[in-house]
Structure formats: structure tokens, C-alpha cells
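Everything on this sheet refers to the single structure shown next.
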Amino acid sequence: MATSDLADEVAALDLLQATLVAAEEAHAVQVYLAAQADAAALVQSTIVADWSEVCGDDSEAASCYNALDQLETLYNTASSNFDDIQASMNCTSFDGTDCDGFYRTARDEAAMFAGMSAEAYGNAEMMVGEAEGEILMFSLMWAGSVAACKGLGYDKAQAAKKALMDLEAANEAAAAEVLTDYTLKSAFSDTGETNTLCAYPAKGSDGSQEPRPECKDGYCCGAAQKFLRDGTKLAIETCQKAEGVHTYQYFPPLPEGSPVEPTPETWRFQCISGAQKLAATAAAALAASYMMA
């Protein structure tokens with residue numbers, strides 16, 4: 001049961017990891033799209049800036065001018081000059097049918113330059129309009145990408161939160177089951193047989209000491225011990241079979257809320273009564289040898 005619960009936890013963690021990777025990939029796509037939009041906006045703004053400020057000498061600010069404004073001025077000037085020429089020749093129309101010689105040539109040249117100016121100005125306006133349209137389009141794309149990224153991130157966060165809540169609920173259920181099973185495994189007996197506590201009771205307020213709890217026939221009160229690295233000695237005194245028992249299975253405390261049982265430890269066990277008899281026998285032999293000497 002504990003192994004399967006651990007496998008479930010590992011599977012749940014794998015699912016959370018996959019969810020996190022997918023969210024990071026989606027974020028990278030949104031960052032790339034935003035960068036593309038910013039680059040396109042920079043190109044369009046550069047085009048407008050290039051037409052708005054043209055410099056004959058980059059080191060002289062006075063040599064810079066607005067090409068769009070000058071194109072418009074050139075067009076207006078050409079149109080005005082054409083009207084003046086037509087008036088000075090007494091031409092009744094702009095088609096030049098009633099104008100001759102030098103003036104007709106001047107009018108034709110003026111009309112040509114006026115047409116070129118109008119075409120250039122129109123092309124410039126068209127380019128500015130296209131640039132503004134692309135800037136707006138990329139701005140909308142950027143806003144849409146940001147909104148989509150936020151929405152995706154929210155969905156992923158909600159899914160991750162639900163997965164975490166499900167995992168916590170599963171861990172709580174597993175921990176409750178482990179607590180029940182482990183409590184039964186690690187419980188002491190009170191029958192005077194195996195795993196019945198037999199340590200001396202706490203002394204009374206007057207210093208009196210009650211005897212140890214007695215173990216049943218065929219059982220002895222013994223001590224299971226373990227020495228820690230810092231020299232601390234841990235000991236538990238319980239009833240065990242009087243013969244053939246040399247180890248004790250110690251169940252460490254179960255951490256609160258743990259869905260996994262701790263691993264039992266094997267401690268050395270020795271009957272206390274047997275040890276006392278051995279000590280008494282050794283003392284008697286020592287005394288006898290002393291008397292013989």
C-alpha cells in the first residue's frame with residue numbers, strides 16, 4: 001500500500017512538471033510574437049522618420065528638412081506657377097491648345113513637374129498610410145498575444161492548482177490509512193507476553209519505587225538498545241521470549257501527516273534477568289577464587 005501511494009505521488013509530480021513545461025513553452029511563443037511585433041513597429045516608424053527628416057549633412061542640423069512638407073510645398077508652388085504662366089499667356093485652358101512657342105514649352109514643363117510632385121506626394125502619403133496601418137495591426141497582434149498569454153497562464157495555473165489540491169487530498173487519505181495501520185503495528189501489548197512494556201514505573205512523590213510489571217512464564221523482561229553517533233543511548237524495556245530472542249524490532253515515531261511508513265529498525269535485545277544472573281554467577285566465582293587464594 002505505501003509503495004503504490006508513493007508511485008501515485010511520483011505520477012502526480014510528473015503531471016505537474018509536464019504542466020509547468022507546457023506553460024513555459026507557451027510563454028516563450030508569446031515573447032517571440034511580441035518581439036516580432038516590436039520589430040515591425042520599429043521598421044515602420046523608421047520609414048516615417050526617414051521621410052520626415054532628411055539631412056544633406058548629418059553633422060549640420062540646419063541641413064535637415066521634412067521631405068513630406070517640401071513635396072507638398074513644391075506641388076502647391078508648381079500649381080501656382082502654372083496658373084501664373086497661363087494667365088500671362090492669356091491661355092483659356094490648361095491643355096495648351098491656344099498657347100505657342102516658349103510659353104507653351106514652359107507650361108508643359110511646369111505641368112510635368114507638377115505631375116511628378118503630385119505623384120511623389122501621393123506615394124509618400126500612401127507609404128505613411130501603409131506604415132500606420134501596419135503599426136496598428138501589429139499593435140493589435142501584440143495586445144492579442146498578451147491577452148492570450150495571460151489567459152493561457154491562468155488556465156495552466158488553475159489546472160496546476162487543482163492537481164495540487166487533488167494530490168494533497170490523496171496524501172491526506174493515504175496518511176490516515178498509514179496512521180491506522182502503523183498504530184496497530186507499533187502498539188505495545190499488555191498481556192505480559194511479547195512487546196509488553198516492563199520498565200520500572202516512575203517513582204512516587206515520596207521516592208518510593210514500585211516493582212517492574214511481571215512478564216509471563218517463558219518470557220523475560222529485557223532491554224533493546226541503540227547507541228547514536230553522539231553517544232546517546234536509546235533503550236526500550238519489554239517482555240520477550242526468554243530463549244532465542246536477541247533482536248527487537250523498533251518502530252520509529254510516524255511523522256504527522258506522513259503518507260509513508262518509516263522503516264522499522266532492528267536493535268540488539270538482551271534479557272535483564274539473564275544478565276543479572278550472569279553477573280551474580282561471575283561475582284560468586286570471583287569470591288570463591290579469592291577465598292582459595
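The values are calculated or read from the model by the stated rules, or taken from the named source; none is laboratory data. All values derive from a computational prediction rather than experimental measurement. Positions of Cβ are backbone-derived with ideal geometry, glycine not excepted, and every protein chain shown enters the neighbour counts.
Pairs meeting the criteria (first residue in region 166-193 and over 11 Å from residue 259 (Cα atoms) and without any contact (Cβ under 8 Å) to a residue 60 or more places away in the chain, second residue surrounded by 12 or more Cβ atoms within 10 Å (Cβ to Cβ) and charged (D, E, K, R), beta carbons under 9 Å, at least 6 apart or on different chains) are 191/216; 192/214; 192/216; 193/216; 193/241. Could you grab the pairs with beta carbons closer than 6 Å, sequence gap of 6+ or different chains, first residue in region 32-52 and polar (S, T, N, Q), second one modelled with pLDDT under 75 and outside any helix (DSSP H, G or I)? Short answer, once both residue conditions are applied: 52/66.
Taking region 183-200 as the range and being closer than 18 Å to residue 264 by Cα and among the small types (Gly, Ala, Ser) as the test, the residues that pass are 186, 187, 189.
Residues in region 227-242 that are modelled with pLDDT of 90 or more and surrounded by 10 or more Cβ atoms within 10 Å (Cβ to Cβ): 234, 235, 236, 237, 238, 239, 240, 241, 242.
Being hydroxyl-bearing (Ser, Thr, Tyr) and outside any strand (DSSP E or B) is the filter here; which residues of region 213-246 pass it?
Initially, region 213-246 is screened for residues hydroxyl-bearing (Ser, Thr, Tyr), giving 219, 232, 238.
Listed by number, the list holds a single entry, 232.
In this structure, residue 177 does not qualify as more than 30 Å from residue 71 (Cβ to Cβ), of a type in the set (Asp, Glu), out of contact with any helix residue (DSSP H, G or I) (no Cβ under 7 Å at 6 or more places or on another chain) and not assigned by TED's automatic domain parsing to the domain that holds residue 22.
Filtered by the rule that a residue be aliphatic (A, V, I, L, M) and out of contact with any strand residue (DSSP E or B) (no Cβ under 9 Å at 6 or more places or on another chain), region 180-210 gives 184, 187, 202.
Just to be sure, is residue 212 touching a Phe, Trp or Tyr at 6+ places or on another chain (Cβ under 8 Å), surrounded by 15 or more Cβ atoms within 10 Å (Cβ to Cβ), at pLDDT 90 or above and over 30 Å from residue 42 (Cα atoms)?
On the way: touching a Phe, Trp or Tyr at 6+ places or on another chain (Cβ under 8 Å): yes; surrounded by 15 or more Cβ atoms within 10 Å (Cβ to Cβ): yes; at pLDDT 90 or above: yes; over 30 Å from residue 42 (Cα atoms): yes.
When the stated conditions are applied, residue 212 passes them.
Whenever a residue of region 127-144 is under 20 Å from residue 50 (Cβ atoms) and touching a residue at least 24 places away in the same chain (Cβ under 8 Å), its partners that are of a type in the set (Val, Ile, Thr) and in a helix (DSSP H, G or I), lying with C-beta atoms within less than 7 angstrom and at least six residues away or across chains, give the pairs 127/47; 128/48; 131/47; 131/48.
Residue under question is residue 121, and the condition is that it be aromatic (Phe, Trp, Tyr) and under 30 Å from the mean Cα position of the chain (by Cα); does it hold? When the stated conditions are applied, residue 121 does not pass them.
Just one of (1) loosely packed, with under 15 Cβ neighbours inside 10 Å; (2) of a type outside the set (Lys, Arg); (3) under 14 Å from residue 148 (Cβ atoms); (4) over 23 Å from the mean Cα position of the chain (by Cα) fails for residue 27. It is (4).
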